[in-house]
Amino acid sequence: MANPETKGRPDGAVPSIELRGISKSFGPVQANKDITLRVMPGTIHGIIGENGAGKSTLMSILYGFYKADAGEIIINRKPTTIPDSQAAIAAGIGMVFQHFKLVENFSVLENVILGAEDGGLLRPSLAKARKLLGELSKEYELNVDPDALIEDIGVGMQQRVEILKALYRHADILILDEPTGVLTPSEADHLFRILNGLKDEGKTIILITHKLREIMDITDTVSVMRRGEMTATVKTSETSPEQLAELMVGRKVLLRVEKRPAQPGAKVLEVENLRVIDEKKVERLKGVSFNVQAGEILGIAGVSGNGQSELLEVLGGYQSATGTVRVNGQDIDLTGRFSDGQSRRARGIAHVPEDRQREGLIMDFTAWENTAFGYHNDPKYSKGLLMDNDALRRDTEEKMQRFDVRPPNCWQPAKSFSGGNQQKIVLAREIERNPDLLLIGQPTRGVDIGAIEFIHQQIVALRDQGKAIVLVSVELEEILSLSDRIIVMFDGQIMGERLPDQTNEQELGLLMAGMKGQAA
Amino acid sequence: MDIFITILQILDSTLRLATPLLLACLAGLFSERAGIFDIGLEGKMLAAAFMSAAIAFVTGSAWIGLAAGIGASLVFSLIHGLASITFRGNQLISGVALNMLALGLTVLIAQGWFSQAGRTPTLIGDARFTSLTLPFAETLSVIPILGPIYKELISGHSILVYIAFLMVPVTWWVLYRTRFGLRLRAVGENPAAVDTAGISVIWLRYAAVMICGVLCGIAGTYLSTSIQAGFTDNMTANRGYIALAALIFAKWRPWYALGACLLFGFFFAIDNRFQNISLYAWLAIALLILIAALLFFAARKSRLDMFVLGTLGTISAAIAILIWTTNGLAGSVVIPGQLMQSLPYVLTVVILAGFVGKATPPKAGGEPYIKER
């Protein structure tokens, strides 16, 4: 038999992992269709695609969660079957999942050895792991405290523990699924340094993401998946974000938001000296003051956990605070009887919460039931003492059409929609109320590129109708492209205000890290 | 010296009454640490109590009875495992169903088998686990204080009592020092972590459920072949539920479980001995509980806290002894003993309400594991 692995490779190298004709169906849905992929050792290979494109299915097949219906997996020239995770580990595959698979109340060491212990007793394994962790942390900046409990360390370090777990099991092929979703920009940079170090050691790294920038920054080659198929594999140096986006979505996508200059009108929201002390007696907001005018998008940038969430909660009416907040010149109640979501809505404030799955929707309820939330007393939906569910469903269907929610079936529970479509349902509910002020948190977190474009257009369109918009996002790109004005929060305070065309990611990054001096 | 003997006898009775609680509590600990909530401890104990008594009577051997009791309990465990692990059913419902099944089935079979009003015949001789006398119990009993303690308290229990107390360090060692324990604890916290590490979640959980069955089997056997001589209708008398309460009280930890079971056993011992208790005795007991609680928390705090709490405990103890010795136990104001029986539940509610620390159950407890992408 000829050596197809080396065919057409000038350097004659053997792919460390090769997939041939992998297919997998779930009932009528074909999640993977005849996937062929080769990844060379010592490279970082990106796999990019929208949610539901089949990336996760493919990786689950590689890690033994699913069995492919057809196709071959060849690792280092050896055809391999992967019936379970144990086999994947034995084949040298290590996986860092998007949602970490760590035991929260175990120490770092215990998590590292779990499942890879040397014998019946723990002591020797723990000692060995401690020694190895010391070596690895020197070699690749994988510094972790071996005795810290997982629940006490940050997500960046938790992710390093996941990487250490894979390395402890002698993984040569490291697969990372959306690794930067939870990281700050500087943590992401740290991760990329680690990955580059591993690559230099000859490890093979597969990076699954939907973030184009990451692909451009760190990968050597990139494969694009769309609707279960591998549509292209290209060298990263020979492609562009625009081309990749087009390959992913299947049509041209606007990566920059097109918008006219803002035409700010009267002040809609005035916030003065807002303070929040949470139940642990920690001051979350330390005297925040700003205002937002009609027809303007105010972007609030910051690493998550620096007070933005509390700010949205106060304005949305479910966190009490001290200070003054005026909407259209009138004070709103921050602590008393009229400090709730209902009263806020009555004052023309609509809120798209940061965590749509917990605060924006009830995942087990249908789309039409979710559309009623906060507006169930609306006479439009009432029939005497009862609710007029038919009217509500008609209304929901109409909204779903207008916001291009797919599938446009109002009987489907919220949890069965993709992230982007869930967000569209929340957005439709809030925007369609014609609010004076829209609060919107992380509008595109976990949302596909195609849907991001649509959501951004909706936000800009609302601004152009003369509404005031407060946008909180941890994505700097989003802040920069959508906002008309940007304030940066750090440690419950406003570090500075910038105009998007007069600043850049570096400057905002420094402000987000609390460094005021250099940024000025 | 009377009071000393009384205290010794109460403590001796505490050990006996704590034994089935402790075994069941540790059984629950294994199961729940692996993520399988087991409300069916009661049913397993009852099934074991009946089967061990029946077989011990038929064969005349307590040891064969023990094996049969463990076997019966294991069958129940496996049904629970099948329902909650393999078929991913609701663990509480499965447990409750097994409890009801055991309650009815034991009496029914006993009636059909022995025709003695749902009881087994009285066990005699080798069909019972009798008290072991530890070496030198008589010789050493002349030593003041320590001698009687050795003879009355430590010596003279059935072997199952020693097994139960030995199980505490064994459980601790297995959980915290062995590979199996690490995996067991992990599977109750985050089964996905165990699964992705290439270990079978299903097998681990079955193993835990079976250990639970073995321990419940011993607990049930102890009830019918050691504390009593034969099976009677519903003889577990809610001990399975009290063991669950103790498990929560102990925050799912082996040594705390020992403390909780001894405390609850102490309540029962008091209740057994004094049907109605004078107000003064109540005061004394309340203070003793306070001491226990203080020591319980002192053990986890810094040195200064230990000092403060320890001092408070000592003062309480002094007051308690003073009250006890000056007033005796037959004062004029009498409070019904049922109050004592309710204390384990009251304390559990207090713990669950978060007044005394927080009881955090294993995170994945009660949830069947479904593999996801």
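The values are calculated or read from the model by the stated rules, or taken from the named source; none is laboratory data. On a predicted model such as this, the values are computed, not experimentally measured, just so you know. No Cβ is skipped: glycine too gets one built from the backbone with ideal geometry, and neighbour counts run over all protein chains shown. When the accessible area is computed, the model is the full protein with side chains, heavy atoms only, and any ligands, DNA or RNA have been set aside. Shrake-Rupley method; radii C 1.70, N 1.55, O 1.52, S 1.80 Å.
Tally up the residues in the stretch A:87-97 that are assigned to a helix (DSSP H, G or I) and either within 7 Å of chain B (Cβ to nearest Cβ) or open to solvent by 10 Å² or more (accessible area, probe 1.4 Å) (or both), please.
Of the residues in the stretch A:87-97, 3 are assigned to a helix (DSSP H, G or I) and either within 7 Å of chain B (Cβ to nearest Cβ) or open to solvent by 10 Å² or more (accessible area, probe 1.4 Å) (or both).
If the condition is being assigned to a loop (DSSP other than H, G, I, E, B) and in contact with a Gly (Cβ under 9 Å, 6 or more places away or on another chain), then the stretch A:104-144 contributes A:Gly115, A:Ala116, A:Glu141, A:Leu142.
Among the helices (runs of 4 or more DSSP H) confined to the stretch B:141-199, the ones with at least 1 residues that are at pLDDT 95 or above, crowded, with 16+ Cβ neighbours inside 10 Å and away from every other protein chain (no Cβ under 14 Å) are located at B:159-177. Going through (1) over 27 Å from A:Leu312 (Cα atoms); (2) open to solvent by 20 Å² or more (accessible area, probe 1.4 Å); (3) not basic (Lys, Arg) one by one, A:Leu392 falls short only on (2). If you filter the stretch B:200-210 down to residues that are over 18 Å from B:Leu41 (Cβ atoms) and either away from every other protein chain (no Cβ under 11 Å) or in contact with a helix residue (DSSP H, G or I) (Cβ under 6 Å, 6 or more places away or on another chain) (or both), you find that the one that is most open to solvent (accessible area, probe 1.4 Å) is B:Trp203.
Only residues that are among the hydrophobic types (A, V, I, L, M, F, W, C), outside any loop (DSSP other than H, G, I, E, B) and more than 18 Å from A:Tyr63 (Cα to Cα): list them for the stretch A:13-43, please.
Within the stretch A:13-43, the first condition is being among the hydrophobic types (A, V, I, L, M, F, W, C), and the residues that meet it are A:13-14, A:17, A:19, A:22, A:26, A:29, A:31, A:35, A:37, A:39-40.
If we keep only those that are outside any loop (DSSP other than H, G, I, E, B) too, we end up with A:17, A:19, A:22, A:26, A:29, A:31, A:35, A:37, A:39.
Of everything in the stretch A:13-43, just one residue is among the hydrophobic types (A, V, I, L, M, F, W, C), outside any loop (DSSP other than H, G, I, E, B) and more than 18 Å from A:Tyr63 (Cα to Cα), namely A:Val29.
Restricted to the stretch B:129-140, and to residues there that are in contact with a helix residue (DSSP H, G or I) (Cβ under 6 Å, 6 or more places away or on another chain) and at pLDDT below 85, the residue that is most open to solvent (accessible area, probe 1.4 Å) is B:Leu140. Of the numbered criteria (1) within 13 Å of another protein chain (Cβ to nearest Cβ); (2) charged (D, E, K, R); (3) in a loop (DSSP other than H, G, I, E, B), the one B:Asp233 fails is (1). Of the residues in the stretch B:113-120, at least one is in a helix (DSSP H, G or I), open to solvent by less than 60 Å² (accessible area, probe 1.4 Å) and touching a residue at least 60 places away in the same chain (Cβ under 8 Å). Take the conditions of a type in the set (A, V, I, L, M, F, W, C), within 14 Å of another protein chain (Cβ to nearest Cβ) and surrounded by 22 or more Cβ atoms within 10 Å (Cβ to Cβ) and apply them to B:Ala219. Does it pass? Judged against the criteria, B:Ala219 is not a match.
Scanning the stretch A:89-109 for residues that are touching a residue at least 60 places away in the same chain (Cβ under 8 Å) and polar (S, T, N, Q) yields a single hit, A:Gln98. The test for being assigned to a helix (DSSP H, G or I) and either aromatic (Phe, Trp, Tyr) or surrounded by fewer than 24 Cβ atoms within 10 Å (Cβ to Cβ) (or both) does not hold for B:Thr19. Criterion first (modelled with pLDDT under 85 and outside any strand (DSSP E or B)) does A:Ser237 satisfy it? Considered against the rule, which asks whether it is modelled with pLDDT under 85 and outside any strand (DSSP E or B), A:Ser237 comes out as no.
Can you pull out the residues in the stretch A:212-233 that are assigned to a loop (DSSP other than H, G, I, E, B) and more than 12 Å from A:Glu50 (Cβ to Cβ)?
Selection gives A:Thr219, A:Asp220.
You will find that of B:Phe57, B:Phe50, the residue that is open to solvent by 10 Å² or more (accessible area, probe 1.4 Å), more than 25 Å from B:Asp271 (Cα to Cα) and touching a residue at least 40 places away in the same chain (Cβ under 8 Å) is B:Phe57 and no other. For the stretch A:116-165, filtered to residues that are touching a residue at least 40 places away in the same chain (Cβ under 8 Å) and touching a Lys or Arg at 6+ places or on another chain (Cβ under 7 Å), the residue that is nearest to the other protein chains (Cβ to nearest Cβ) is A:Ala116.
I need the full set of residues from the stretch A:178-193 which are among the hydroxyl-bearing types (Ser, Thr, Tyr) and without any contact (Cβ under 8 Å) to a residue 60 or more places away in the chain, in order please.
The one that is among the hydroxyl-bearing types (Ser, Thr, Tyr) and without any contact (Cβ under 8 Å) to a residue 60 or more places away in the chain: A:Thr180.
Exactly one residue out of A:Phe65, A:Phe100, A:Phe26 is farther than 30 Å from B:Arg177 by Cβ, open to solvent by 30 Å² or more (accessible area, probe 1.4 Å), within 14 Å of chain B (Cβ to nearest Cβ) and hydrophobic (A, V, I, L, M, F, W, C): that is A:Phe26.
Only one entry in A:Thr322, A:Thr233, A:Thr219 is open to solvent by 60 Å² or more (accessible area, probe 1.4 Å), within 25 Å of A:Ala31 (Cα to Cα) and in contact (Cβ under 8 Å) with a residue 12 or more places away in the chain, namely A:Thr233. Tallying residues that are β-branched (Val, Ile, Thr) and more than 26 Å from the chain's Cα centre (by Cα) within the stretch B:110-144 yields 3. Here A:Glu398 clears all of (1) charged (D, E, K, R); (2) open to solvent by 80 Å² or more (accessible area, probe 1.4 Å); (3) within 32 Å of the chain's Cα centre (by Cα); (4) in the same structural domain as A:Arg275 (by TED's automatic domain parsing) except the condition numbered (4).
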